[in-house]
Structure formats: C-alpha cells, structure tokens
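The values are calculated or read from the model by the stated rules, or taken from the named source; none is laboratory data. All values reported here derive from a predicted model rather than from experimental measurement. Every residue, glycine as well, gets a Cβ built from its backbone with ideal geometry; the counts of neighbours run over all protein chains shown. Calculation scope for accessible area: heavy atoms of the full protein, side chains included, ligands and nucleic acids excluded. Shrake-Rupley method; radii C 1.70, N 1.55, O 1.52, S 1.80 Å.
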Amino acid sequence: MSQLPPSVCIASLGGQPQVVTLALDALLARGEQIGELIVIHLSERNERYRSALAALAREFAGDRYNGRPCRYRPLAVTLGGALIEDLNSEPAAGAALNTLVQLIQRLKRQERAIHLCVSGGRRLLGMLAMCAIQIHGDHTDQVWHLYSSDAIRARTAGGAELHLPITPEVRLVRVPVVPF
C-alpha cells in the first residue's frame, strides 16, 4: 500500500509573515504532516511583501522548518508574465484566481491534501483562494483562519515575533467549505 505524500499548506501573504508561521506552527502542533509551504503573494516591489518573504525564506533555510523537512515556495500572482501590484481591478482579481486554480489543480493531480490558510494578505486574495479550493479541491482539503487576540497582533506586528508558545490567544479556526 503506497503512502500519500505529505500535505501542503497554501497561505496568502501580505506584509505580516507571522500570520503564516503561526498558522503553520498550529497545524504542526495538531499533528499535520506538512511537507511544503506555498505562499501566494502580490508583487515584491511592495517593501512590506518583500520583507515578509525574506523573513519566511530565513525560517525555511535548507528547506527545513523548525528542524523538520519542509519545502518553502513563494508564488507571485502574475498576469501575462507581469507581477500584479494590487488586487484593484477585475483583470488583477482574475489573474489571482487563475494562479490559485492552476496551483490547486496541479496539487490535486499529485493527490496532495491541502491546508489553505486565508488570513494573510488582501481579503480578496483569501476569498479567491476559497473559491478555487471549493471548485477544485476535495474532502481531504481544509480551509483555516488564524485567530489571534488584539494583544498578540500588537506583539507580533510586522514579524516582530514569528513563533509563540501554545496559547488560546492564537488558534486555527476551521472554515467550513463544501467542495463541488
């Protein structure tokens, strides 16, 4: 009997890298076997995004995360080969949806289970990711929102802290999504 490959975590990213690491830490604490993190983001010309991506790259040096194997891959939203600066138009939103659909379709062809974290970045990016997983995902996939208290958000803002001890002030909330 063949073993399925480890799950993949897809996370939307803005300028707050701790949203990604705190969500990933919570998934790992739940016992999820995450072998890859794919971060969907807009143009790195935005200094906040560039800084957040650099912080995450440091966390995944040598394709390891907190001592365990985990591949890190940033994936920029593009349209016709050009980076999307913001989701401020229908073509930009369409480009984001196409990026997500292609990614999810490829992962599902590989029989990968997906953990989608929609808390980071532009709200529209998270909404489009939920649409894509609902249409192209299956019952092995989960959608998550990272809840963190106001005090935790102030403490970790801008990536000041990327990891925290387990606390009820930081937790994953499963978002109910029914795949088509």
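Structure values in brief
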| read-out | value |
| --- | --- |
| Output for the stretch 61-83, where each listed residue is more than 16 Å from the chain's Cα centre (by Cα) and part of a strand (DSSP E or B) | Arg64, Arg68, Pro69, Thr78, Leu79, Ala82, Leu83 |
| Meets criteria (assigned to a helix (DSSP H, G or I), without any contact (Cβ under 8 Å) to a residue 40 or more places away in the chain and in contact with a Phe, Trp or Tyr (Cβ under 9 Å, 6 or more places away or on another chain)) for Ala95 | no |
| Members of the stretch 121-149 that are open to solvent by 50 Å² or more (accessible area, probe 1.4 Å) and among the acidic types (Asp, Glu) | Asp138 |
| Flag for Val173 being touching a helix residue (DSSP H, G or I) at 6+ places or on another chain (Cβ under 8 Å) and either within 17 Å of Ala11 (Cβ to Cβ) or surrounded by fewer than 13 Cβ atoms within 10 Å (Cβ to Cβ) (or both) | no |
| Filtered residue count, the stretch 124-160, keeping only those that are acidic (Asp, Glu) and either under 20 Å from Ser7 (Cα atoms) or at pLDDT below 95 (or both) | 2 |
| Residue list for the stretch 152-166, restricted to those being under 21 Å from Ala55 (Cβ atoms) and in contact (Cβ under 8 Å) with a residue 12 or more places away in the chain | Ile152, Thr156, Ala157, Gly158, Gly159, Ala160, Glu161, Leu162, His163, Leu164 |
| Only one of Ala52, Ala57 that is in a helix (DSSP H, G or I) and surrounded by fewer than 16 Cβ atoms within 10 Å (Cβ to Cβ) | Ala57 |
| Test for Ala113: is it modelled with pLDDT of 95 or more, crowded, with 20+ Cβ neighbours inside 10 Å, over 15 Å from Ile40 (Cβ atoms) and touching a strand residue (DSSP E or B) at 6+ places or on another chain (Cβ under 6 Å) | yes |
| Residues of the stretch 150-167 satisfying the condition of being surrounded by 13 or more Cβ atoms within 10 Å (Cβ to Cβ) and in a loop (DSSP other than H, G, I, E, B) | Glu161, Leu162, Leu164 |
| Single unsatisfied condition, Asn88 versus (1) within 22 Å of Leu22 (Cα to Cα); (2) part of a loop (DSSP other than H, G, I, E, B); (3) open to solvent by 70 Å² or more (accessible area, probe 1.4 Å) | (1) |
